[in-house]
1. State whether one or more residues within the stretch 77-87 are of a type outside the set (D, E, K, R), within 23 Å of Gly187 (Cβ to Cβ), at pLDDT 85 or above and more than 15 Å from the chain's Cα centre (by Cα).
2. Find all pairs meeting these conditions: Cβ atoms under 7 angstrom apart; at least six residues apart or on different chains; first residue within the stretch 94-117 and closer than 13 Å to Ile11 by Cα; second residue in a loop (DSSP other than H, G, I, E, B) and among the β-branched types (Val, Ile, Thr).
3. Those residues that are within 11 Å of the ligand (Cβ to nearest atom) and aliphatic (A, V, I, L, M), I need them from the stretch 96-127; list them, please.
4. Could you please give the count of residues in the stretch 128-156 that are free of Cβ contacts under 8 Å to residues at least 24 places away in the same chain, touching an Asp or Glu at 6+ places or on another chain (Cβ under 9 Å) and within 16 Å of the ligand (Cβ to nearest atom)?
5. Just checking, does the stretch 338-347 include any residue being buried (at least 18 other Cβ atoms within 10 Å of the Cβ) and free of Cβ contacts under 8 Å to residues at least 40 places away in the same chain?
6. List the pairs whose first member sits in the stretch 7-19 and is at pLDDT below 90 and within 7 Å of the ligand (Cβ to nearest atom), whose second member is part of a strand (DSSP E or B) and among the polar types (S, T, N, Q), and whose Cβ atoms are under 6 Å apart, counting only residues at least 6 apart or on separate chains?
7. For the stretch 227-241, name all the residues that are farther than 18 Å from Val257 by Cα and out of contact with any helix residue (DSSP H, G or I) (no Cβ under 6 Å at 6 or more places or on another chain).
8. Would you confirm whether any residue within the stretch 191-206 is farther than 24 Å from Leu122 by Cα, surrounded by fewer than 20 Cβ atoms within 10 Å (Cβ to Cβ), in contact with a strand residue (DSSP E or B) (Cβ under 7 Å, 6 or more places away or on another chain) and touching a residue at least 60 places away in the same chain (Cβ under 8 Å)?
Amino acid sequence: VDQKHIRNFCIIAHIDHGKSTLADRLIEFTGVLTKREMEDQVLDTMDLERERGITIKAQSVRMDYTADDGEHYVLNLIDTPGHVDFTYEVSRALAACEGALLVVDASQGIEAQTLANVYMALEHDLEIIPVINKIDLPSAEPEKVKREIEEVIGLDTSIAIMASAKTGIGMKEILEAVVNFVPPPQGDERAPLRALIYDSFYDSYKGVVTYFRVFDGTVRKGDRIRFMATGKEFIVDDLYVFRPGLTPVDELRAGEVGALAAAIREVKNVRVGDTITRADNPAREPLPGYRKATPMVFTGLYPVESNDYGRLRDALEKLQLNDASLSFEPETSEALGFGFRCGFLGLLHMDVIQERLEREFDLNLITTAPNVVYRINLTGGGQVMIENPADWPDQTMIESVEEPVVKASIITPSEYVGPLMELCQDRRGTFINMEYLNEKRVNLHYKLPLSEIMYDFFDQLKTRSRGYASFDYEVTGYEQADMVKMDILLNGDPVDALSCIVHRDKAQKLGRSLVTRLRKLIPRQLFEVPIQAAIGNKILARENIAPLRKDVLAKCYGGDVTRKRKLLEKQKEGKKRMKAVGSVEIPQEAFMAVLSTD
Ligand code: GTP
């Protein structure tokens with residue numbers, strides 16, 4: 001195909017505005033798959049994604065389309081991951097396109113991630129085609145949403161399309177708009193190969209399958225290629241296009257989108273954002289934009305059964321093959337034994353990985369409360385990055401502490417502004433400004449510490465706005481904050497896995513509520529157990545867990561052995577998710593107790 005007849009585009013949308021459904025309808029319309037062949041939502045492949053209804057890994061599809069002008073076109077739809085944690089992957093997928101369909105739900109209007117995605121698309125100079133979706137809904141207000149897009153984003157909506165991905169209205173108009181308004185690629189076919197990697201996945205037979213967009217030159221089966229960031233070289237075993245399954249082809253030329261397999265055994269050799277070139281005739285400069293994805297949120301993961309340690313390590317290694325942004329290293333806790341310190345891009349990423357470990361690998365895990373990475377300036381000069389509260393330096397060594405901060409955008413009906421501002425204030429937020437999107441909706445901008453939005457912020461946001469507010473954030477840098485390490489002592493001994501980093505002004509209140517909650521969560525023992533929260537030697541709060549009045553076994557005085565065993569067994573059941581810390585049994589919930597700050 002020559003480049004004049006190629007269109008590369010993506011769909012951007014706020015969660016649930018209908019991105020996947022629209023992709024399905026377009027695939028069906030162009031006849032890539034018949035309705036009967038098509039599983040619901042082919043683009044979202046992972047089980048977890050389907051269950052949560054969100055897109056995590058990008059998938060792509062190539063569609064053939066004969067337009068009204070009688071010409072035959074190849075339309076490559078590049079799916080972008082839909083969540084803020086994966087911003088960098090979204091940005092790479094956008095960089096592989098010339099245009100974007102901006103899907104906005106006609107009954108909801110512009111939401112926080114609509115704006116975040118639009119700004120990113122504009123940064124990449126994409127041609128944006130507004131699609132007002134779900135016009136079949138009785139509550140749809142397409143004209144109002146159209147005005148909103150024009151006024152708030154400043155897009156020309158004269159080419160906007162009214163659509164329903166559910167009923168199929170507007171599909172042909174969308175494809176015609178893609179052909180007519182998205183510019184064709186303009187790569188140099190004779191230049192040395194330059195292809196942008198925008199995604200990858202691990203296949204146990206083929207190794208790493210790399211998704212890319214060719215900008216210049218041509219790649220063929222059998223070529224020796226080089227990844228410019230890592231310098232690693234491989235021979236191309238197979239080339240594919242997406243139909244939507246991987247379909248073999250012999251070559252891919254400037255402007256085309258596809259995938260390759262080259263017996264690559266490690267995902268870390270293939271980095272999203274890197275440029276592929278040919279080893280015998282390399283490009284001088286890579287394409288712009290390779291950046292390493294840095295984990296922002298860390299947590300300790302421990303097997304409940306200590307002999308599952310090896311299985312946990314194997315599972316993490318397997319997941320890492322699919323997901324280069326997951327990091328982990330062994331750590332030991334006095335309380336929990338051998339485990340791993342794991343780093344994630346954000347909270348959703350963390351949730352997804354934990355769930356996969358438990359579900360796909362059948363592991364029973366104890367997770368410690370997540371924390372962000374702190375930058376500590378030491379009194380003697382020098383800086384350290386702290387990922388683990390256990391590594392927090394002695395207070396006397398600390399000159400100052402810096403924490404990651406985000407710029408947050410909250411879009412909400414104006415009647416909830418009061419409670420939401422209160423929430424942000426309470427989470428140490430700094431008000432930046434407030435814009436009116438129309439008479440009834442506003443966009444609130446706040447600067448907030450990342451650590452403060454980890455703890456149930458999203459739930460609070462939803463509760464205080466009756467579900468109407470949407471939220472997006474981007475990490476903007478580090479700022480000084482008066483953070484201290486709070487220890488939790490059981491029976492006078494600090495439990496390392498319960499230590500957390502808190503703001504000094506909040507330590508007292510948090511310490512008190514934490515010990516109160518722990519008192520309720522930790523079952524009574526045979527003896528009285530004091531729980532204390534402390535900063536250094538200073539005790540902030542204390543509660544006692546009263547001793548058990550009666551030993552369970554006391555009932556079996558008669559010495560009936562079977563009955564006694566049964567009772568013991570019953571007790572053991574209840575302990576499944578408990579860890580013995582010294583002489584005290586601690587349930588999983590206790591390690592996460594710090595997460596809810598009621
Ligand atoms: P993410 O993958 O999380 O970004 O969500 P999405 O934007 O892909 O949304 P999805 O396609 O999963 O659609 C969300 C919900 O809206 C689903 O229940 C769809 O059935 C529904 N939906 C999508 N398009 C339409 C439409 O045109 N009309 C109506 N009534 N419902 C729609």
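1. Here is the first cut: in the stretch 77-87, the residues of a type outside the set (D, E, K, R) are 77-78, 80-84, 86-87.
Adding the requirement that they be within 23 Å of Gly187 (Cβ to Cβ) leaves 77-78, 80.
From what is left, the residues that are at pLDDT 85 or above are 77-78.
Next cut, more than 15 Å from the chain's Cα centre (by Cα) only: 77-78.
There is at least one residue in the stretch 77-87 that is of a type outside the set (D, E, K, R), within 23 Å of Gly187 (Cβ to Cβ), at pLDDT 85 or above and more than 15 Å from the chain's Cα centre (by Cα).
2. Taking only residues 6 or more apart or on different chains, the pairs are Leu94/Thr80; Glu98/Val182; Gly99/Val182; Val104/Ile110; Gln113/Ile15.
3. Val103, Val104, Ala106
4. Residues flagged as free of Cβ contacts under 8 Å to residues at least 24 places away in the same chain, touching an Asp or Glu at 6+ places or on another chain (Cβ under 9 Å) and within 16 Å of the ligand (Cβ to nearest atom) within the stretch 128-156 amount to 0.
5. Within the stretch 338-347, one or more residues are buried (at least 18 other Cβ atoms within 10 Å of the Cβ) and free of Cβ contacts under 8 Å to residues at least 40 places away in the same chain.
6. No pair meets every condition.
7. Of everything in the stretch 227-241, those that are farther than 18 Å from Val257 by Cα and out of contact with any helix residue (DSSP H, G or I) (no Cβ under 6 Å at 6 or more places or on another chain) turn out to be Met228, Ala229, Gly231, Glu233, Phe234, Ile235.
8. Restricting attention to the stretch 191-206, the residues satisfying the condition of being farther than 24 Å from Leu122 by Cα are 191-193, 200-206.
Keeping just the survivors that are surrounded by fewer than 20 Cβ atoms within 10 Å (Cβ to Cβ) gives 191-192, 203-206.
Filter once more, so that each one left must be in contact with a strand residue (DSSP E or B) (Cβ under 7 Å, 6 or more places away or on another chain): 191-192, 203, 206.
Subset that is touching a residue at least 60 places away in the same chain (Cβ under 8 Å): 191-192.
Yes, some residue in the stretch 191-206 is farther than 24 Å from Leu122 by Cα, surrounded by fewer than 20 Cβ atoms within 10 Å (Cβ to Cβ), in contact with a strand residue (DSSP E or B) (Cβ under 7 Å, 6 or more places away or on another chain) and touching a residue at least 60 places away in the same chain (Cβ under 8 Å).
The values are calculated or read from the model by the stated rules, or taken from the named source; none is laboratory data. Just so we're clear, the structure is a prediction, and the values are computed from it rather than from any experiment. In this analysis, Cβ positions are derived from the backbone assuming ideal geometry, glycine residues included, and neighbour counts consider all displayed protein chains.
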